[in-house]
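Step one of this worksheet: look at the structure below.
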Amino acid sequence: MTASQHSQQQPVMLITGGSRGIGAATARLAAQRGYRVVINYLSRRDAAEQLVSEIEQEGGSAVAIQADASAEDGIQALFEAVDQHFGRLDVLVNNAGIVDQVSRVEELSYERVERMMRINVVGPFICAREAVKRMSTRFGGHGGAIVNVSSAAAHRGGANQYVDYAASKGAIDTFSEGLAKEVAADGIRVNTVRPGVIRTDIHASGGLPDKPESSAASIPLGRAGEAEEIANAIVWLASSEASFATGAVLDVDGGV
Ligand code: NAP
């Protein structure tokens with residue numbers, strides 16, 4: 001087998017929001033496990049390209065693709081780019097997501113709730129649609145796996161912080177449950193990881209840069225998690241080691 005034939009057999013993982021945080025840790029680990037990795041990002045081209053260089057320096061294969069994973073045209077362009085680069089897709093990690101400033105429900109604007117749902121819910125739905133079209137044995141694909149990144153907030157509710165965020169992740173949990181049943185016979189497994197508080201930039205973007213430290217006392221394991229600890233769960237659920245897991249929700253949250 002030539003080197004090029006060998007690389008064409010390597011599985012391809014697409015990670016939305018792969019430039020930083022949990023998505024970037026997942027990209028690094030997946031590349032170490034032999035995936036060719038597609039790192040989608042919105043605006044931080046520097047971070048995405050730096051990650052591609054790191055992966056390539058370690059002998060892995062990765063490409064960075066800018067696209068708004070909450071917009072239908074952006075998602076379509078993203079999947080078409082994957083088709084062009086690799087001609088196959090084995091794993092979708094629906095990871096891109098946002099929080100917003102701490103607010104009570106009576107303070108929320110329509111625009112904020114609409115944006116939260118568009119990025120955290122509508123985007124993952126449409127990404128999954130495009131992945132299913134490519135992976136499903138129903139359409140001539142060879143199967144695959146989808147891992148959705150939810151949050152412990154989905155079962156805790158986010159009161160006095162961001163109920164809209166928590167509700168968006170609750171929607172992801174239900175989406176995963178239904179999609180898992182819908183596509184199980186088509187060779188696609190769909191699972192969910194629910195991280196607790198993880199040390200990434202997302203907290204600063206929501207105005208709580210110290211949340212990992214300030215939450216530690218309320219977490220049974222006594223600390224926030226690291227992005228790599230979520231990446232381990234995502235990559236495991238995507239792998240054949242999890243071949244009998246579908247519709248599963250894996251809480252990786254230090255025990256909250
Ligand atoms: P993060 O550090 O803020 O990184 C967010 C990533 O998403 C970045 O790569 C960003 O791209 C990308 N992104 C945001 N909006 C996008 C869009 N519209 N299209 C494409 N990419 C977009 O976040 P994180 O903490 O790693 O969180 C990742 C996921 O885990 C999210 O779904 C989050 O809700 C979930 N989660 C996180 C925690 C936590 O404590 N960190 C806990 C529970 C769940 P740019 O670099 O281009 O901006």
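Within the accessible area of the chain, the carbon and sulfur atoms contribute 51%, probe 1.4 Å, all protein chains present. Per residue, the chain reaches -13000 deg cm²/dmol at 222 nm when only DSSP H runs of four or more residues are counted, each adding -39500 (n - 2.57).
Within the same chain, lysines fewer than 8 places from residue 211 are excluded, and of the rest, those with a Cα less than 27 Å from its Cα are 169.
The residues of the chain have, on average, 46 Å² of accessible surface per residue, using a 1.4 Å probe with all protein chains present. For the chain, the longest principal axis of the Cα atoms and the long axis of helix 21-32 meet at an angle of about 30 degrees. Partner lysines whose Cα lies under 20 Å from the Cα of residue 133, excluding those fewer than 8 positions away in the same chain, are identified as 181. Residue order by solvent-accessible surface for 82, 105 is 105, 82, largest first, with ligands and nucleic acids left out and a 1.4 Å probe.
Using a Gaussian network model of the chain in which every pair of alpha carbons under 10 angstrom is joined by a spring, one finds that among 142, 203, 85 the greatest mean-square fluctuation is at 85. Taking the chain as a Gaussian network of alpha-carbon nodes connected by springs under 10 Å, the highest mean-square fluctuation of the residues 198, 219, 146 belongs to 219. Between 89, 14, 221, the residue with the greatest mean-square fluctuation in the GNM of the chain (Cα pairs under 10 Å linked by springs) is 221.
Rg to Rh for the chain: what is it, with Cα atoms only and Rh by Kirkwood?
On the way: Rg = 17.5 Å, Rh = 18.3 Å.
That ratio is 0.96, to two decimals.
Counting only GluC sites (Glu not before Pro) that DSSP places in a loop and that have at most 15 other Cβ atoms within 10 Å, the longest clean stretch of the chain runs over 59-225. For the chain, the longest principal axis of the C-alpha atoms and the axis of helix 72-86 are separated by about 40°.
How high is the relative contact order of the range 110-166? Use alpha-carbon pairs under 8 Å, at least six apart in sequence, and give a whole percent.
Working: 30 pairs, mean separation 15.8, N = 57.
Once normalised by length, the contact order is 28 percent.
If contacts are Cα pairs under 8 angstrom and at least 6 residues apart, what is the relative contact order of the range 9-252 in percent?
The value is 20 percent.
The values are calculated or read from the model by the stated rules, or taken from the named source; none is laboratory data. None of these values were measured; they are calculated from a predicted model. Cβ coordinates were reconstructed from backbone atoms using ideal geometry, including for glycine residues, and neighbour counts include every protein chain displayed. Note: areas computed on protein heavy atoms with side chains; ligands, DNA, RNA excluded. Shrake-Rupley method; radii C 1.70, N 1.55, O 1.52, S 1.80 Å.
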